[in-house]
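In what follows, a structure is listed as structure tokens, so that the remarks can point back to it.
Every number here is computed from the coordinates shown, using simple stated rules; none is lab data. Since we're looking at a predicted model, the values are computed, not measured. When we count neighbours, we look across all protein chains shown, and the Cβ atoms used for this are built from the backbone with ideal geometry, even at glycine.
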Amino acid sequence: CYAPRWMRRLVHLTLAGLLLLAATACKQDGTVTVHSLEFRGVKSVDLARLKSALATRENTKVPVVGWELPWSRKQYFDRGRFDADLRRIEAFYADRGFPDARVTAFDVQLNKDQDAVDVVLTIDEGEPIRVVAVEYRGFDAVPEAHMTDVRNRSPLTVNEPRDRQEVIAAHEVAVNELRDHGHPYARVATDENDGPNGREATIVFTAEPGPRAYFGDTQIAG
């Protein structure tokens with residue numbers, strides 16, 4: 001059986017994992033199910049969210065007891081999707097502030113009937129990029145009391161890893177506040193400076209309020 005090129009690229013992973021994956025690659029796709037999918041080294045991200053981001057998924061089991069029901073939907077192992085999942089894991093971590101996270105090893109164990117595998121992935125999360133400051137510039141159209149509320153509602157937390165989804169959510173809070181104060185065409189630019197060591201993120205939101213809106217002769221204001 002010929003091991004494809006994608007397999008040869010993963011030289012940083014364990015030899016045992018490569019050999020076992022080669023064994024599954026020799027079987028036809030869609031014939032081997034994923035009995036279990038286990039992660040080691042995951043400490044800083046939500047494991048359920050990580051699993052949901054991947055194409056490789058384990059067979060459905062009864063909660064607590066872990067039994068597989070015969071009529072439940074089967075999840076099949078696909079070597080191409082598994083290869084893509086290794087990159088998805090790194091992208092998932094990078095979006096959550098861990099740019100150096102890597103899959104350092106994997107183990108794909110075939111059962112004795114060679115119709116199911118147990119997959120174990122080992123991850124080195126690396127050091128995160130942490131938020132050290134969140135700044136708002138050009139928000140003069142918003143009263144200070146309301147800006148305090150904007151800061152309080154922002155999901156970004158100083159000293160926590162920089163999560164891109166949280167940056168997007170904080171951006172939306174800022175834009176909506178400007179629009180609530182009579183600037184329907186307001187825009188907010190987002191800039192990130194990770195500092196000289198690349199690990200200390202300052203997030204800057206810069207407002208472009210645009211013109212205030214009027215209804216008849218009345219100016220709409222917050």
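May I ask you to order 95-103, 118-126, 136-144 by the average number of other C-beta atoms within 10 Å around their residues, highest value first? Don't skip to the answer; put the middle values down first.
On the way: 95-103: 19.8, 118-126: 18.1, 136-144: 15.4.
Highest to lowest by the protection proxy: 95-103, 118-126, 136-144.
So for each of 190-200, 82-92 I average, over its residues, the number of other beta carbons within 10 Å; can you give me the resulting order with the highest mean first?
Output ranking for 190-200, 82-92: 82-92, 190-200.
Give the peptides 166-175, 40-49 in descending order of average Cβ contacts within 10 Å, highest first.
Details: 166-175: 17.4, 40-49: 12.9.
Put in order of decreasing packing, that is 166-175, 40-49.
Need the list of aspartates and glutamates near Lys51 for cross-linking: C-alpha distance under 14 angstrom, and skip anything on the same chain fewer than eight residues off.
Glu38, Asp85, Glu90
Based only on Cα atoms, what Rg/Rh ratio does region 121-197 have, Rh being taken as Kirkwood's radius?
Numbers: Rg = 14.9 Å, Rh = 14.0 Å.
On the Cα set of region 121-197, Rg over Rh gives 1.06.
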